[in-house]
Amino acid sequence: MTQVQARDEAGIKDAVRRFIATSMNGAHVDDDANLFESGIVNSLFAIQLMTFIEKTFAIEVEADDLDIENLKSLNATTAFVLRKSGQRPQ
Amino acid sequence: MELKQVGVLGAGNIGSGVVTDLVLHGLSVVAVDISDEILQRAQHDVLNNIRLAPLVSKTLPRITKEEAVARMVLTTDLRDVAPCDFVIENVTEDWDIKKRVYENLERVMRPEVCFGANTSCLSITKIAGATKRPAKVVGMHLMNPVWLKPTVEVIRGVHTSDQTIDTLLQLLSRLDKEAIVVEDMPGFVSNRISHLFMNEAAFVLQDQVSTAEKIDAIFKKCFGHKMGPLETADLIGLDTVMRSLDVLYESFQDPKYRCCPLLRRLVDAGHLGRKTGKGFYVYPEV
C-alpha cells in the first residue's frame, strides 16, 4: 500500500470513501451516515478502517484516539485524520 | 486444575483470534504453527487486535504491548506446548492433518490435559479416536472474530467426560464467554445449517438469479441477519467453507451438501475471500 502524508480534506475524504465503498461491496454511503449504528459494517471493520488510516495517511493512533465516535461516519473519519495530521476541517 | 497456560495449535485467522482472547484475559499462550512467517503474521495481528481492541469493546481488558508479548510464546516445535494446562487445536480442516497433529500431541502432553478441538465440521468422536484420552477431548466451535464473540458452540463427543466439559466451561468463563453445549454429529448445529445457506447462495449466484449484493441484502434486510451468506463465506475463507462442505458430504453421504462448482472454482483460482482480497467480493488492501 502506498503511504502518503495527509492531504487536503477532499483528498482524504475521497480515499476514505473509496475504502468504505469497497469494503461495503460498492454500496453508497452518505457522508454523515453512522456506519456502525446502521449495521452496514461489523465491529471488525472499525479495526480495518483504523489500520487503513494509519498506513495510508502515516499517522500514529494513540490510546485516547480509540473511540468509535472518531470513525462513526465518513465525515467523522475525515475530521479525525485532519486533526491527527495537524490540520483543521475547512 | 487451574488453567494458567494454554497451547494454541494453528495460528491462522482463527488461531490469532484465540491467542488475542487468551492473552487479553491474562492467560499465557504457546502458539504453534508450521512456519515462522505464519507466526510473525499472527503476532502482528494479535498485537494489532490488542492495541485497537478499545475501539470496538469497552468491556475487554486493556493490556500493554509489553504485557501481551510477555504472555506469548510462538514456535514451530509442537513439543513446546508440553507445559500447557489445556490445548486448543485450530489446524486446517483436513482429517489427515488433524489426525497426525493429535497423534503427536498425545505423545507430548501430560495425560490429564484436555484437548479442545476447534473444528467447524469434523466429528469430535472421530478426532478423540486419534488420541488415547477420548474422555478428555471436547469440541469447541469458536466464531470469527473469536475475541469479540461472546458465545461458543461446545460439542460433547461420545466419550467426552463431564469433567472435561467443566474444564472447558471454566476456561470459557475466564474469557467471559457463554457456552451452548450440543451433541456430536458432523457440522454440529451451526455449520450443518449455515453451510447449506452459504452453498445455496453460491448456487443462486451461479444460476444468475441475483447478484451477490442482492443475495446478501435479502438476508440482512429481510431476515435481519448481520451478514449475508456470501460475505460470511468470504470472511470465513472460501477454502475453509469448501472443505467443510466436503466433510459434510462425506459424512452424511447426502447430495444436499455437494459443493457448488462456482465456489470450488473461486478456490481453485486462489480467490479465498477477505484473506486474499477477493472472493465473492473484492476487498481493499488493509
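Here B:H195 qualifies as under 17 Å from the mean Cα position of the chain (by Cα), more than 14 Å from chain A (Cβ to nearest Cβ) and surrounded by 17 or more Cβ atoms within 10 Å (Cβ to Cβ).
Residues in the range B:110-152 that are at pLDDT 95 or above and touching a Pro at 6+ places or on another chain (Cβ under 7 Å): B:A128, B:R133. Checked against (1) within 16 Å of the chain's Cα centre (by Cα); (2) closer than 16 Å to B:E89 by Cβ; (3) away from chain A (no Cβ under 11 Å), B:G17 passes all but a single condition, namely (3). At least 2 residues being within 14 Å of another protein chain (Cβ to nearest Cβ) and surrounded by fewer than 18 Cβ atoms within 10 Å (Cβ to Cβ) is the threshold, and among the helices (runs of 4 or more DSSP H) wholly inside the range B:206-286 those reaching it are B:212-217.
Evaluated against (1) within 14 Å of chain A (Cβ to nearest Cβ); (2) part of a strand (DSSP E or B); (3) aliphatic (A, V, I, L, M), B:M143 falls short on exactly one condition, (2). Would you be able to say whether some residue in the range B:59-68 is in contact (Cβ under 8 Å) with a residue 40 or more places away in the chain, assigned to a helix (DSSP H, G or I) and more than 30 Å from A:A63 (Cβ to Cβ)? No, the conditions are met nowhere in the range B:59-68.
The values are calculated or read from the model by the stated rules, or taken from the named source; none is laboratory data. All figures in this text were calculated on a predicted structure; none of them were measured in a lab. Because the Cβ atoms are built from the backbone with ideal geometry, glycine has one as well, and the counts that use them run over all protein chains shown.
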